[in-house]
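Presented below is the structure to which this report refers.
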Amino acid sequence: MNGRGRDEGPAAASAPAPPPPLEWKFSQVFGERTAGEDVQEVDIISAIEFDKSGDHLATGDRGGRVVLFERTDVRNHGSRRDLEREDYPMVRHPEFRYKTEFQSHEPEFDYLKSLEIEEKINKIQWCETANGALFLLSTNDKTIKYWKVQEKKVKKICEMNVDPSCSVGNGSIPGPSTSPSSKMNLANGGCSERPYNYLSNDFSFPPGGFPALHLPVVTSQETSLVARCRRIYAHAHDYHINSISVNSDGETFISADDLRINLWNLEISNQSFNIVDVKPANMEDLTEVITSAEFHPTHCNTLAYSSSKGSIRLIDLRQSALCDTNAQLFVEQEAPGSRSFFTEIIASISDIKFGKDGRHILSRDYMTLKLWDINMDSGPVATFQVHEYLRPRLCDLYENDSIFDKFECCLSGDGLRVATGSYSNLFRVFGCAPGSSESTTLEASKNPMRRQVQNTARPARSLSSLTRAVRRGAESPGADANGNMYDFTTKLLHLAWHPTENSIACAAANSLYMYYA
């Protein structure tokens with residue numbers, strides 16, 4: 001993954017062959033729509049995140065809810081036979097099931113700024129588990145919340161202390177004239193509220209006791225999942241929060257808005273430290289904003305953030321308390337004569353992700369995916385065209401605001417492939433190993449390879465379109481030259497790759513689709 005995808009002399013000839021393209025299969029769908037069914041705005045999924053183990057998946061929606069899923073096809077093997085089976089390769093079908101859901105955020109109103117604050121979940125981040133409990137952060141535009149999800153045991157006790165067939169009232173002892181409303185008359189015509197058979201101090205139990213008296217017994221213990229908000233981190237951002245990222249130390253996290261990045265301690269909710277501030281003294285001088293930020297997967301002092309100008313900055317928290325001066329700048333030089341009205345708009349990076357090895361950063365702008373090596377700041381080591389067929393239609397996309405859509409990206413756990421979404425509920429998977437030409441278009445449906453089947457009838461691409469492997473994928477299978485077959489109202493913005501397996505979860509409106517290879 002540290003090359004540019006070109007064959008260069010004998011060294012390249014001796015390089016290992018790239019892995020073969022994956023064949024993706026449909027696994028599951030949650031919240032599938034029936035034909036013609038209208039989607040409620042509050043049900044549209046706005047965030048997806050696997051935990052580090054890959055055994056849990058969280059989604060957030062525009063209604064402020066967080067839904068958790070747990071994997072069911074992997075269990076701890078207890079028997080020897082199961083352990084022996086692990087010596088032979090087995091293709092497990094990844095399966096998840098609904099675990100629980102809770103209301104994370106509610107709509108609010110900022111009275112000082114006369115601003116409505118949506119309940120929509122912008123990002124979810126898993127934290128370290130402890131004592132069998134799950135911990136995660138969720139955020140909307142202004143407020144971050146720290147949640148603990150834990151199983152609680154609910155004990156059920158047997159019905160009553162006395163046999164129900166002969167019990168009266170609240171455990172009182174029955175008599176021949178006992179009734180729930182019986183009262184004791186007093187000398188002056190008064191009435192005592194105590195029942196007639198009230199057990200007074202001089203009451204004595206008969207020898208042998210009452211045969212109908214039983215001690216309470218626990219009959220069953222049911223478990224229920226309870227989500228509790230442990231902390232609320234509020235009032236630290238003047239602008240909309242676009243990113244949160246948990247540090248590898250397990251104790252701190254960052255939150256980023258358009259102009260600032262704040263550093264928090266998970267245990268302290270009433271203070272944070274501003275580590276990046278790009279707000280100019282005069283807002284008229286503002287030329288770029290922060291679009292995404294993420295901590296390094298293993299170095300707790302390193303983080304990266306992207307900007308609307310298409311640049312990525314890698315900063316070191318050990319250098320200064322305020323990291324406005326970047327440690328390393330990654331930006332692709334603009335080709336001469338290629339500048340247009342849309343150049344800066346489509347160059348804006350909507351998402352960045354570190355590779356698991358910590359050496360590579362994946363970025364997504366409107367038209368492309370770019371893979372960067374943090375040891376090479378001269379330019380990306382690979383560029384993948386996501387939907388180049390849209391370039392002639394940028395004017396239309398600008399008019400309907402689609403050009404401002406924020407697509408996410410993800411890397412496989414082994415670092416050999418990358419993925420991102422597109423329109424018409426399509427997503428694309430590219431191989432980024434040296435020499436790989438893998439470029440797959442999949443549809444978020446029960447038949448993900450349907451677009452590939454349509455593509456078999458198309459004539460093979462000319463050699464001129466394959467001259468640069470690092471810029472492959474310029475043509476999109478299943479689309480005509482103008483992209484007329486694609487629906488720009490259905491877009492696949494959010495997806496996540498399983499941390500250890502070739503499994504992808506992606507959101508198409510209110511439906512969660514899962515695929516494996």
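The values are calculated or read from the model by the stated rules, or taken from the named source; none is laboratory data. Quick caveat, the model's predicted, so the values are computed rather than measured. Glycine also receives a Cβ, built like all others from the backbone with ideal geometry; neighbour counts cover every protein chain displayed. Calculation scope for accessible area: heavy atoms of the full protein, side chains included, ligands and nucleic acids excluded. Shrake-Rupley method; radii C 1.70, N 1.55, O 1.52, S 1.80 Å.
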Solvent-accessible surface (1.4 angstrom probe) belonging to V39, in square angstrom, nearest 10: 50
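Past 26 Å, Cα to Cα: identify those pairs from K52/K99; K52/K152; K145/K370, in the order given.
Working: K52/K99 17 Å; K52/K152 24 Å; K145/K370 32 Å.
Pairs exceeding the cut-off: K145/K370.
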Cα centroid of segment 29-48 to Cα centroid of segment 229-258, whole Å: 28
For segment 409-454, with +1 on Lys and Arg beta carbons and -1 on Asp and Glu, the positive-most of L442, C410, F430 along the dipole: L442
Sparsely packed GluC sites (Glu not before Pro) within segment 207-287, loop by DSSP, other Cβ within 10 Å at most 13: E267
Coordinate range along principal axes, alpha carbons of segment 260-366, Å, largest first: 50, 39, 22
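What is the calculated FRET efficiency for E70 to N447, with r their C-beta to C-beta distance and R₀ = 25 Å, to the nearest 0.05?
On the way: r = 26 Å, r/R0 = 1.06.
Here the calculated transfer efficiency is 0.40.
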Equivalent ellipsoid, segment 303-345 (semi-axes from 5 times Cα gyration tensor eigenvalues, Å): 28, 10, 7
Whichever lysines have a C-alpha closer than 20 Å to that of K155, once near sequence neighbours (fewer than 8 apart) are set aside: none
Label zone at S338, where the point sits 7 Å out along the Cα-to-Cβ direction: segment 375-393 residues whose backbone N lies under 20 Å: 376-393
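Take every Cα pair under 8 Å in segment 325-372 that's 6+ residues apart, average their separations, divide by the length, and report that relative contact order as a whole percent. Walk me through the intermediate numbers first.
Working: 45 pairs, mean separation 12.7, N = 48.
Taking the mean separation of contacting Cα pairs over the length of segment 325-372, I get 26 percent.
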Length released on extending from A321 to H240, taking residue separation times 0.36 nm less the Cα-Cα span: 26.8 nm
K148, K406, K52, K25, reordered so the largest accessible area comes first (probe 1.4 Å): K52, K406, K25, K148
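In segment 409-453, what is the volume of the convex hull around the alpha carbon atoms, normalised per residue and reported in Å³?
Numbers: hull volume 3.4 nm³, N = 45.
Taking the convex hull of the Cα positions in segment 409-453, it is 75 Å³ per residue.
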E95, E151, E399, E438, reordered so the largest accessible area comes first (probe 1.4 Å): E399, E151, E95, E438
Rounded accessible area of M283 (nearest 10 Å², 1.4 Å probe): 80
For F488, net neighbour charge (Lys/Arg +1, Asp/Glu -1) across residues whose Cβ lies under 13 Å away: -3
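Enumerate by residue number the chymotrypsin sites (Phe, Trp or Tyr not before Pro) in segment 339-379 meeting two conditions: DSSP loop (anything except H, G, I, E, B), and at most 15 other Cβ atoms within 10 Å of the site's Cβ.
Values: sites: F341, F342, F354, Y366, W372; in loops: F341, F342, Y366.
Within segment 339-379, the qualifying chymotrypsin sites (Phe, Trp or Tyr not before Pro) (loop, at most 15 other Cβ atoms within 10 Å) are F341.
Under a Cβ-Cβ cut-off of 11 Å, what is the net charge of the residues other than D324 that fall near it, where Lys and Arg count +1 and Asp and Glu count -1? Can you show the working numbers first?
Details: positive: R260, K279, R313; negative: D277.
Net charge around D324: +2.
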Theoretical FRET efficiency, 1/(1+(r/R0)^6), r = Cβ-Cβ of S378 and T500, R0 30 Å, to 0.05: 0.40
Average Cα contact separation per residue, segment 334-461, under 8 Å, 6 or more apart, as relative contact order %: 16
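Ordering S224, S311 from largest to smallest accessible area (1.4 angstrom probe), what's the sequence?
Details: S224 50, S311 10 Å².
Order by accessible area, largest first: S224, S311.
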